[in-house]
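These notes are about the structure you will find just below.
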Amino acid sequence: MGHPSYQTVRHLVSKFSLPTSSNKIPSIYSACHQGKSHCLPFSSSQSISTHPLELIFSDVWGPSPIMSTNGNKYYVSFVDHFNKYTYLFPILAKSSVMQIFCSFQKLVECQFNCKIKSIQTDWGGEYPSLHTYFENIGIQHRITCPHTSQQNESVERKYRHIIEIGLSLLSHSHVPHTY
């Protein structure tokens, strides 16, 4: 049975009238649950944004298992921490991130009539080249710790939603797909 939950064990014990020594949750279940965890829980973010563009989360996702009609296999996203508004750009290659960021920056700084204050990334291969650019124009570049996607939670959660919606749409359409 592997490591069944306490509820499963309790159900089996009652269904088959198996003898038990206690109704309390044994400490072994606590150890089992901890053993299943991939990492320790993260505390909630203490970052507070009071205005748009104070903190932007960014990440690149891909390659996508399904190519867009324009041949895009990657997506770069920017999520504003203040209002959670998401900007998603399909791209052909990760090397396009610098060009896309510059277009995004012009768009949002014009929309909100203020400058981007800080951006948080995972220091993936596409972001080190942007670091110098950020320094030169006064944007603070916050970098997440390695292997801690939780620190870029807004972007990671958006990708899960986008993927789930995309797969749902694909499964309901009658158009042949290339995988």
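Quick notes on this one:
- Selection count, the stretch 125-138, where residues are touching a strand residue (DSSP E or B) at 6+ places or on another chain (Cβ under 6 Å) and in contact (Cβ under 8 Å) with a residue 12 or more places away in the chain: 3
- Test result for Glu109, at pLDDT 95 or above, acidic (Asp, Glu) and surrounded by 16 or more Cβ atoms within 10 Å (Cβ to Cβ): no
- Screening Cys32 against (1) modelled with pLDDT under 90; (2) under 23 Å from Ile143 (Cα atoms) leaves a single unmet condition, (2).
- Residue list for the stretch 118-133, filter: crowded, with 18+ Cβ neighbours inside 10 Å and hydrophobic (A, V, I, L, M, F, W, C): Ile119, Leu130
- Some residue of the stretch 67-74 being at pLDDT below 90, under 22 Å from the mean Cα position of the chain (by Cα) and loosely packed, with under 14 Cβ neighbours inside 10 Å: yes
The values are calculated or read from the model by the stated rules, or taken from the named source; none is laboratory data. Predicted model only: the values in this text are computed from it and were never measured. So basically every Cβ, Gly included, is an ideal-geometry build from the backbone, and we count neighbours across all protein chains shown.
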